[in-house]
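The values are calculated or read from the model by the stated rules, or taken from the named source; none is laboratory data. Source: prediction; values computed, not measured. Virtual Cβ from ideal backbone geometry, glycine too; neighbours counted across all protein chains shown.
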Amino acid sequence: MTADSLLVQFAGNAVRFNSDDLEILKSLTIHFKNCIGADLPVVANYEVSADAGDNFSARMGSADLFSNCDFESALRQLMQDALLRLNGASKTELIFHAAALAHQGQAVILCGKTASGKSSLAAWLTALGMAYMTDEVISLPMGSESVNGFCRSIVLKPGSSFIWKRWLKNQDAEGFLRFADNSVWIEPSLLNPDGTKATAAPRLIIFPRYEPDAAFRIERLTRAETLFRLLQHLVNARNFPDYGMDAASHLARRVNAYTLTYSNIETASAWIQKTIQQG
C-alpha cells in the first residue's frame, strides 16, 4: 500500500483501491487489514474520488461504479463490489458463501445464505475465544487439505446490535464503524485480540438457520446431503470443468456436517464449541 493506494487479496487475485481521499483509504485499510496483499493478478482497479461536498464517486476502468454517494454508502459499495469480483475471478480455488472460525488448527465452517445467522455466530464465537477467519466467504484451493478465510471486518446487521453491545469493550475504537442504520463493521481483534487465522483444516461444517422462538435442533448429515448443500453455496462453479464437483465431494467426505436451527445464540455457540473441542 502507498499513501493513495490499497491492494486487497483473496483466492489468488487482488483488487486495488486508489483514491485522493485519505479518510476512505484509511477506513478500507482498517477493515481489510488482514487481507492486504502484494504481487497478485489485479482483477479490478477502483479510482475513488471525493468532491468538495464530501460526496464520493468511483470508476473501474472506463465505467462508472457509483457517484454522489456519502461516505457510508461508498464504503459499502466498494466492499461489496470488490468481494464479488474476487469471488468470480478465481479459477484455482472454490469459493463458498460461508463464515469460518478456527480452534487448534481446525476449521468450523458456517455455510449459509444472507440472514442465516452465520455472521452473528461468527462474531459471538470470536468473542468467546475462537480464531476468526471470515464471516462471508471461504476458499478451497484445488488439491488442498485446508480452507482460507476472507478475513475482513465482521459485518453485523442492525438486528445483531446485542452482540457488540455485549462484547465490545471500546465503542470508540478505530476499528469499530457504526453506520446510520445501526449496522456495524468490527475489526475482529476488538472482540478477540490476536484472534484471527488465515488458514485451517476443515473439521466441522454447519448449515445454520436462525428462526425467532424456534427450538434448538440439530441434524447430522450424510456425505451426499453435505455435498448437495455445499454445492448450493458454491459461488464460482462455472470456472471449473466439473463445476467444482470433485473438490467439493472431497471436502464433504472429510468433515462432520450438521444442520442447526436456533433462536438463542448462546445455546448454539455452546454446542458448536463443545462439538469442535471433542475433535
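Among the strands (runs of 3 or more DSSP E) confined wholly to the range 12-122, which include 2 or more residues that are of a type in the set (Gly, Ala, Ser), outside the structural domain of ILE163 (by TED's automatic domain parsing) and surrounded by 15 or more Cβ atoms within 10 Å (Cβ to Cβ)? Step through it out loud before you land on a result.
Numbers: elements: 13-19, 42-50, 56-60, 63-69, 93-103, 106-111.
Output list reads 13-19, 42-50, 56-60.
Does SER27 meet the test of being over 16 Å from ARG85 (Cα atoms), within 19 Å of the chain's Cα centre (by Cα) and touching a residue at least 12 places away in the same chain (Cβ under 8 Å)? So that I can check it myself, show each step before the final result.
Details: over 16 Å from ARG85 (Cα atoms): yes; within 19 Å of the chain's Cα centre (by Cα): yes; touching a residue at least 12 places away in the same chain (Cβ under 8 Å): yes.
So SER27 fits the description; yes.
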- request: Tell me which residues, restricted to the range 174-189, are without any contact (Cβ under 8 Å) to a residue 40 or more places away in the chain and surrounded by fewer than 14 Cβ atoms within 10 Å (Cβ to Cβ).
  value: ASP181, ASN182
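Here's the yes/no breakdown for (1) among the small types (Gly, Ala, Ser); (2) over 15 Å from ALA99 (Cα atoms); (3) modelled with pLDDT of 95 or more:
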{"position": "MET130", "(1), (2), (3)": "no, no, yes"}
{"position": "SER139", "(1), (2), (3)": "yes, no, yes"}
{"position": "CYS151", "(1), (2), (3)": "no, no, yes"}
{"position": "PRO158", "(1), (2), (3)": "no, yes, yes"}
{"position": "GLN171", "(1), (2), (3)": "no, yes, no"}
message: Looking at the range 106-159 only, could you name the residues that are in contact with an Asp or Glu (Cβ under 8 Å, 6 or more places away or on another chain) and among the basic types (Lys, Arg)?
response: LYS118, ARG152
task: Taking the options ASN45, ASN55, name whichever one is in contact with a Gly (Cβ under 9 Å, 6 or more places away or on another chain) and farther than 29 Å from ASP194 by Cα.
output: ASN45
message: Which pairs turn up if I take residues in the range 30-52 that are in contact (Cβ under 8 Å) with a residue 60 or more places away in the chain and look for partners that are crowded, with 16+ Cβ neighbours inside 10 Å and of a type in the set (D, E, K, R) with beta carbon separation below 8 Å, at least 6 apart in sequence or on another chain?
response: ILE30/GLU187; HIS31/ARG152; HIS31/GLU187; PHE32/ARG152; LYS33/GLU187; ASN34/ARG152; CYS35/ARG152
task: Would you check which residues across the range 208-242 are more than 21 Å from GLU93 (Cβ to Cβ) and in a strand (DSSP E or B) and list them?
output: PRO208, ARG209, TYR210, ARG217, ILE218, GLU219, ARG220
Close pairs (8 angstrom Cβ cut-off, 6 or more residues apart or separate chains): under 21 Å from ALA100 (Cβ atoms) in the range 230-249, crowded, with 19+ Cβ neighbours inside 10 Å and β-branched (Val, Ile, Thr) anywhere: LEU230/ILE205; LEU234/ILE95; VAL235/ILE95; VAL235/VAL137; ASN236/ILE95
message: Please pick out the residue among LEU260, LEU204 that is assigned to a strand (DSSP E or B) and over 18 Å from the mean Cα position of the chain (by Cα).
response: LEU260
